[in-house]
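Enquirer: Following this message is one structure expressed as structure tokens.
Every number here is computed from the coordinates shown, using simple stated rules; none is lab data. Everything numeric here is computed off the predicted structure, so don't read it as measured data. With ideal geometry, Cβ positions are generated from the backbone for all residues, glycine too; neighbour counts draw on all protein chains shown.
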Amino acid sequence: MPETPLMRDNGPVNHADQDAPAVPEEGQTKDSKGSRLHPRVTSFRSRRGALTVAQQESWDRQWPRIGADVSDHRLDAPSWFGRDAPLILEIGSGTGTATAAMAKAEPHVNLMAVEVYRPGLAQLLQQIERDEIPNIRVLRGDAMDVLENMIEPESLTGVRVFFPDPWPKARHHKRRLLQSPTFALIASRLKAGGVLHVATDHAEYAEAIAEAGNAEPLLTSLDWESPMTHERPVTKFEDKAHQVGSAITELIWGKIRS
Ligand SMILES: C[S@@+](CC[C@H](N)C(=O)[O-])C[C@H]1O[C@@H](n2cnc3c(N)ncnc32)[C@H](O)[C@@H]1O
């Protein structure tokens, strides 16, 4: 992707300390040799899908202004949105039903949706265009890259992960997005007072998520009464879960300190 004024370079790599021990600085995501401090989880399936002609046309009109491929450049969110406002990241927005509803319900926030599935993003772009929603930007690619490279530490007011893929088979659990390293990374990107909101319809994954989130020292579990939470719109995936009678678990944490 060509560099745009929206992106800031992370700066040159400092090779001087290549032999320094890999002690992470606050907010640092790679060690002195450039290796990831958070082991990489590939949490998504590779899914193909063509865009309809109308979706492609909408994509072509809007992508240059409100879409970007995931990169390793720091994002300058205020300049991309054209205003400085509380920044919320939605991870795995799917077809964007909840994204659009949240953006309309919370016009005072800048909402960024990251998703790997292009047809899902295309549906969201169509809805943004149809409903003239001004406060959404979309990123295509792996949310782990967004968190590690594009988001400034202590910069997010909220992170929302609705119905992450549960990877139900034990041998696939390692592919789950929400594990301890991801919680640590999310916590490092939240501002003090920022909120992480997760919803899942998978009971066993809910338990694993709760355990990992509760073990993250920078986060504290919040209940529904917290004034920091928002009303979550029903997502497309949740609609399907309701149809088969699955119970939904909501998990909410606040970042207590820097
Ligand atoms: C079960 S769907 C839920 C979609 C939507 N949140 C909903 O509730 O309708 C999970 C979504 O997360 C996306 N996803 C999984 N891992 C991801 C990652 N690392 N980065 C971006 N998107 C991811 C998948 O492509 C998929 O669309």
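Enquirer: Sort 98-105, 42-49 for me by packing, meaning the mean count of neighbouring Cβ atoms within 10 Å per residue, highest on top.
Expert: With the highest mean Cβ count within 10 Å placed first, the list reads 98-105, 42-49.
Enquirer: Starting from the Cα-Cα distance between Gln56 and Asp84, subtract it from 0.36 nm times their residue separation and give me the gain in nm to one decimal. Mind dumping the intermediate values first?
Expert: Working: separation 28, 0.36 × 28 = 10.08 nm, distance 3.00 nm.
Residue separation times 0.36 nm, minus the Cα-Cα distance, leaves 7.1 nm.
Enquirer: Go ahead and collect, in residue order, the members of the range 150-165 whose backbone nitrogen is under 17 Å from a label point 7 Å along the Cα-Cβ direction of His242.
Expert: Once the point is set 7 Å along Cα→Cβ of His242, 162-163 turn out to lie under 17 Å by backbone N, inside the range 150-165.
Enquirer: Given an 8 Å cut-off on Cα distances and at least 6 residues of separation, report the relative contact order of the range 54-255 as a percent. Provide the component values of the computation, followed by the final result.
Expert: Values: 365 pairs, mean separation 44.0, N = 202.
The value is 22 percent.
Enquirer: Another one. Just list whichever of Lys104/Lys169; Lys104/Lys236; Lys104/Lys174; Lys169/Lys255 have alpha carbons separated by over 25 Å in the model shown.
Expert: Numbers: Lys104/Lys169 37 Å; Lys104/Lys236 17 Å; Lys104/Lys174 35 Å; Lys169/Lys255 31 Å.
Pairs exceeding 25 Å: Lys104/Lys169; Lys104/Lys174; Lys169/Lys255.
Enquirer: What ranking, highest mean first, results for peptides 117-124, 206-213, 88-95 when packing means the other Cβ atoms within 10 Å averaged over each residue?
Expert: On the way: 117-124: 21.9, 206-213: 17.6, 88-95: 24.9.
So the order, starting with the most tightly packed, is 88-95, 117-124, 206-213.
Enquirer: Pulled fully out, how much extra length does the chain show between Glu207 and Lys104, if you take 0.36 nm times their separation in residues and subtract their Cα-Cα distance?
Expert: Numbers: separation 103, 0.36 × 103 = 37.08 nm, distance 3.15 nm.
Gain in length upon complete extension: 33.9 nm.
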